[in-house]
Amino acid sequence: MPTIRIILDTDPGADDALAILLMLASPEIQLEALTTVQGNVSLEKTTRNALALLEFLNARHIQVAKGCSTPLIKPPHGTQGEEVHGKSGLGQAVLPEPKNKPIEAHAVDYLIERFLAEPGELTLFAIGPLTNVALAIRKEPKFAQSVKELVIMGGAVRSGGNITPLAEFNIHEDPHAAHIVFNSGIPITLIPLDATYKCLLTSADVDRLNKIDSPIARLVHDVTADYMEFYLKYEGFNGCALHDPLTVAAVIAPELLTLEKHYVNVDISGGISTGKTYADFMKVAKQPTNMQVALDVKGREFVELFIERMERLAYQFNEEIASGKEQERPRNDINA
Ligand code: BDR
Ligand code: CA
């Protein structure tokens, strides 16, 4: 089966952790590297979480490059994200201190190097603020044309926002970066709140997964428990949205997404709607379309797919622990 080779720009983050798990559980995907950015928690924490997750999952051969610690222009939001994702960024999960360190190169330089080395071969996923991606575009004029496809979790097109009444967190956290990326010419698939809020993982789903006695099932429980508390408190829902994992559907189950091509941009005017993503549905801006955007999804089908993949990963992980093979497992074995 041909695999899609992916570099993931991320700010782990509870749902970022679930997206990493889903990528590692998906035979369609070869996850080649992570680049980190501040977002849900500080850059130090997102980088530590990325390394710790990979080591926990026996995927320590996947390199991690540390990126930007602040947005381009606006000040970072501070510790607001800890209310949602927990103090560490991974909820109740307590992962051992990682032995690996991030590579020497800055994430922006690493992205440039990897994409220019193989133009048109690698797909970039961005599930945090777009600071690293925007700087790569600005620093190296050939970067944009080297990216095969960019899949972004971000924005609220028809729906309301989750950080202001109008804006979604990733885009609002660095709207100027989003503006650069949206207007870069890279082929973009945008997965906004319009779709992700239809993919609700319930506590009953997590209990079902935990019928399997496995570190994977426990990790899913531990990263989502506090996240679900937040949803219950603020949204009255006993579960959580699978925002970042839904990006993976663009590769493993695109038929679940309702994708429409539009000209989409982001407000950077500094007013109440800063960070708001808007689509030119009526074509009044006379601009060419710059992305396909998921405006709907078969949400429950995606959640079932997510759980199936976690169950399979949990069984594989258990077998490998039992056979003592986990220490030397190359990443693709998990995808077999
Ligand atoms: C996005 O913001 C973050 O809190 C999540 O990790 C996700 O990437 C959802 O708005
Ligand atoms: Ca994220």
Complete set of residues in region 273-299 that are at negative phi and without any contact (Cβ under 8 Å) to a residue 24 or more places away in the chain
ASP280, PHE281, MET282, VAL284, ALA285
Out of LEU34, LEU18, which single residue is surrounded by 22 or more Cβ atoms within 10 Å (Cβ to Cβ), within 13 Å of ligand 2 (Cβ to nearest atom), under 30 Å from TYR315 (Cα atoms) and in contact (Cβ under 8 Å) with a residue 60 or more places away in the chain?
LEU18
I'd like to know if region 15-29 contains one or more residues that are β-branched (Val, Ile, Thr) and more than 21 Å from GLU118 (Cα to Cα).
yes
Looking at region 102-119, is at least one residue at pLDDT 95 or above, outside any loop (DSSP other than H, G, I, E, B), surrounded by 15 or more Cβ atoms within 10 Å (Cβ to Cβ) and within 16 Å of ligand 1 (Cβ to nearest atom)?
no
For region 150-169, state whether one or more residues are within 16 Å of VAL37 (Cβ to Cβ) and of a type in the set (Asp, Glu).
yes
Flag if ALA52 is farther than 28 Å from THR277 by Cβ and in a loop (DSSP other than H, G, I, E, B):
no
Within 13 Å of ligand 1 (Cβ to nearest atom), touching a Phe, Trp or Tyr at 6+ places or on another chain (Cβ under 8 Å), touching a residue at least 24 places away in the same chain (Cβ under 8 Å) and assigned to a helix (DSSP H, G or I): is that true of LEU8 in this structure?
no
Being within 16 Å of ligand 1 (Cβ to nearest atom) and either farther than 21 Å from ALA105 by Cβ or in a loop (DSSP other than H, G, I, E, B) (or both) is the filter here, so list the residues in region 17-47 that pass it.
ALA17, LEU18, ALA19, LEU21, LEU22, MET23, VAL37, GLN38, GLY39, ASN40, VAL41, SER42
Taking the options LEU150, LEU124, LEU135, name whichever one is in contact with a Lys or Arg (Cβ under 9 Å, 6 or more places away or on another chain) and not in a loop (DSSP other than H, G, I, E, B).
LEU124
Scanning region 156-185 for residues that are more than 13 Å from ligand 2 (Cβ to nearest atom), assigned to a loop (DSSP other than H, G, I, E, B) and buried (at least 22 other Cβ atoms within 10 Å of the Cβ), the one farthest from the chain's Cα centre (by Cα) turns out to be ALA167
Could you please give the count of residues in region 230-264 that are touching a Cys at 6+ places or on another chain (Cβ under 6 Å) and of a type in the set (Lys, Arg)?
0
Could you tell me which numbered condition PHE125 fails, if it satisfies all but one of (1) within 12 Å of ligand 1 (Cβ to nearest atom); (2) surrounded by fewer than 24 Cβ atoms within 10 Å (Cβ to Cβ); (3) over 19 Å from ILE73 (Cβ atoms)?
(2)
Candidate set: region 186-209, residues that are farther than 21 Å from ALA126 by Cβ and of a type in the set (Ser, Thr, Tyr); chosen: the one surrounded by the fewest Cβ atoms within 10 Å (Cβ to Cβ)
THR202
Selection count where residues are outside any loop (DSSP other than H, G, I, E, B) and of a type in the set (S, T, N, Q), scope region 58-101:
1
State all residues of region 1-15 that are in contact with a Leu (Cβ under 6 Å, 6 or more places away or on another chain) and more than 13 Å from ligand 2 (Cβ to nearest atom); if no residue qualifies, say none.
ARG5, ILE6, ILE7
Which of (1) at pLDDT below 95; (2) more than 16 Å from ligand 1 (Cβ to nearest atom); (3) out of contact with any Lys or Arg (no Cβ under 9 Å at 6 or more places or on another chain) is the odd one out, the single condition ARG60 does not satisfy?
(3)
When residues of region 62-91 are limited to those that are touching an Asp or Glu at 6+ places or on another chain (Cβ under 8 Å) and on the phi > 0 side of the Ramachandran plot, the one nearest to ligand 2 (Cβ to nearest atom):
GLY89
Residue match in region 210-220 (condition: within 13 Å of ligand 1 (Cβ to nearest atom), within 16 Å of the chain's Cα centre (by Cα) and surrounded by 20 or more Cβ atoms within 10 Å (Cβ to Cβ)):
no
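The values are calculated or read from the model by the stated rules, or taken from the named source; none is laboratory data. Just so you know, these numbers come straight off a predicted model, no measurement behind them. Cβ sites come from the backbone with ideal geometry, for glycine too, and all protein chains shown count toward neighbours.
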